[in-house]
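The values are calculated or read from the model by the stated rules, or taken from the named source; none is laboratory data. Everything quoted here is computed from the prediction, not taken from an experiment. Here Cβ is always computed from backbone atoms with ideal geometry, including for glycine, and neighbour counts include all displayed protein chains. Accessible surface areas use protein heavy atoms only, side chains included; no ligands, DNA or RNA. Shrake-Rupley method; radii C 1.70, N 1.55, O 1.52, S 1.80 Å.
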Amino acid sequence: MTCDEAIKLMDGYLDGELDPIANQTIEQHLRECQKCDEAYKTHSALIRSIGKATPYYKAPSGLRERIQASLREEIAERSPRSVSRNIPSLFPSLIQSKQSERRAVLFGTQWNWLALAAAIVLAAIIAFNLAPRLRRPGADQFLATQLIASHVRSLMANHLTDVASSDQHTVKPWLDAKLDFAPVVVDLSSEGFPLVGGRLDYLDNRPVAALVYQRRKHFINLFVWPAESGSVSADKRITRQGYQLLHWVDSDFNYWAVSDVSDNDLQAFKQVFEKQLPRR
Amino acid sequence: MTQRREQEDVGSFEEVMLPHLDAAHNLARWLLRNDQDAQDVVQEAYLRAFKSFAGFHGSNGRAWLLTIVRNTSYTLLKKNRAVDLTTTFDEEIHVAGHESVSPATILEHSEDAELIKEAMDELPSEFREILALRHQEGLSYKEISEIAQIPPGTVMSRLARARAKLKEYLAARMSK
């Protein structure tokens, strides 16, 4: 090991983060080279001393209470929405009301109440189906902006991939280890969309997986994160600033493909991707 | 009933995440260099974390929370202080007149908290965060790579550059 190499590894050695072989090599070098040994001793003493003396900013009193209050405010705001979330549990009462209808016919009473109940259930079902659609467009546009920005950034900053590999068995474990979910990774070389690698990204307030595929000279970023349970939505196509975005959802995941390839290419990409998914 | 379940959710969220409040605040404070901003960002980060808590299945709550704190901090930094981020990779910031300061002299002053604070605050945000995460939270390179969203191999070199820069700034302050 040369002195230059030893100096490069010094911080890793100081932090105990080298593998055993590198550790041994640098230790041997420090035994043999007095200059490096002295440099290491000064450096480590200094770094330890600085580390200990660096001011630690504990949370001020009151911040904990502020946070707890804001969390309670958050669920208080949610509760009106939580009514519509409970709609599925209203269906049993619809069935029940049919039974009581029969009884009502038998006993010839309470028609008005049934009509009112049916109207409420109907209104709730309509609201339940419409509410997400009403909320969506703005949210989608915002997400689309984020997606395009992420796509452009990945191409510009020379940070297309964190793990560059066309082997799905390399990319998948890498991503699994870094995320709180395990995205499906498939190579689509045989279909004309070779896998280039994977990357961590941050979208919609959460870490997401970005799978990078190539189509001729163009790149496709496929962003993947877990779908909310029970969320069903039709495919979405958005064209913006010359980029194509294609969105779909399967039982487990949200997918957003972003690229400058044509809409047809992106549709084809989605089809071959779905075809290659392991059967579950 | 939903109300009660949500209150239980808040309870378990607080149980897992509130113990890391000091770590969250320390990171935000070093990144933002301002008490008020740090508190606002930490509060916002906790709210974001709560909203995506259902997606958290890991065991490392601190790293998960710090990732969100970091991202929230950068959102604010980018919005308010484009200037701050432009110096990030400017390795050529000129610091004159420190060549005469010996390592022994730096060591003598290395327990001077005020001096270290001033020198740290001069560093680019990438260096401030990596030093806080390693020196103060004692996080592993792997955890740091996840929080700072950089490849594991980059952590050691960035940490080395951050430390070298900090030493340089300390020396510059001593020779004044």
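Of the accessible area of segment B:2-83, with the probe set at 1.4 angstrom, what percent is carbon plus sulfur?
Of the solvent-accessible surface of segment B:2-83, carbon and sulfur hold 47 percent.
Ranking request for peptides A:7-19, A:253-265, B:101-113: highest mean number of other beta-carbon atoms within 10 Å first, then the rest in descending order. Walk me through the numbers on the way to the answer.
Values: A:7-19: 17.9, A:253-265: 19.6, B:101-113: 15.4.
Top to bottom by mean Cβ count within 10 Å: A:253-265, A:7-19, B:101-113.
Using only protein heavy atoms and a 1.4 angstrom probe, determine the accessible area buried between A and B, summed over both sides, in Å² to the nearest 100.
5000
How much length is gained on full extension from A:Thr170 to A:Val272, taking 0.36 nm per residue of separation minus their Cα-Cα distance?
Details: separation 102, 0.36 × 102 = 36.72 nm, distance 2.06 nm.
34.7 nm is the gain from fully extending A:Thr170 to A:Val272.
What part of the accessible area of segment A:3-53, given as a whole %, is carbon or sulfur when the probe is 1.4 angstrom?
Details: 1540 of 3030 Å².
Carbon and sulfur together cover 51 percent of it.
When we measure straight from the Cα of A:Lys52, which lysines land under 25 angstrom away, once same-chain ones fewer than 8 places off are left out?
Straight-distance partners of A:Lys52: A:Lys8, A:Lys41, B:Lys117, B:Lys142, B:Lys165, B:Lys167, B:Lys176.
Eigenvalues of the Cα gyration tensor times 5, then square-rooted: what semi-axes does that give for segment B:2-83, in whole angstrom, largest first?
Semi-axes from the Cα gyration tensor: 25, 12, 11 Å.
Report, as a whole number in µm² per second, the diffusion coefficient that Stokes-Einstein gives for segment A:137-276 at 4 °C and 1.567 mPa s using the Kirkwood radius over alpha carbon pairs. Mind dumping the intermediate values first?
Values: Rh = 14.9 Å.
Estimated via Stokes-Einstein, D reaches 87 µm²/s.
Please report how far the C-alpha centroid of segment A:8-52 lies from that of segment A:158-209, rounded to the nearest whole angstrom.
35
With contacts defined as alpha carbon pairs under 8 Å and 6 or more residues apart, what's the relative contact order of chain B in percent?
Over chain B, the number comes to 25 percent.
Report Rg (one decimal) and Dmax (nearest whole number) for chain B, counting Cα atoms only, units Å.
18.4, 71
For B:Ala104 and A:Glu191, what does the FRET efficiency come to when R0 = 45 Å and r is the distance between their Cβ atoms, rounded to the nearest 0.05?
That gives a FRET efficiency of 0.10.
Across 5 Å bins from the origin, how do the percents of Cα pairs in segment A:3-53 run, short distances first?
Pair shares across the bins are 5, 22, 32, 24, 12, 5, 1.
For segment A:3-53, with the dipole built from +1 on Lys and Arg beta-carbon atoms and -1 on Asp and Glu ones, taken about the Cα centre, which of A:Thr25, A:Ser44, A:Met10 lies farthest toward the positive end?
Ranked along the dipole, the leading option is A:Ser44.
Can you compute the FRET efficiency between A:Ala124 and B:Ala164 using 1/(1 + (r/R0)^6), with r the Cβ-Cβ distance and R0 = 56 Å? Round to the nearest 0.05.
0.30
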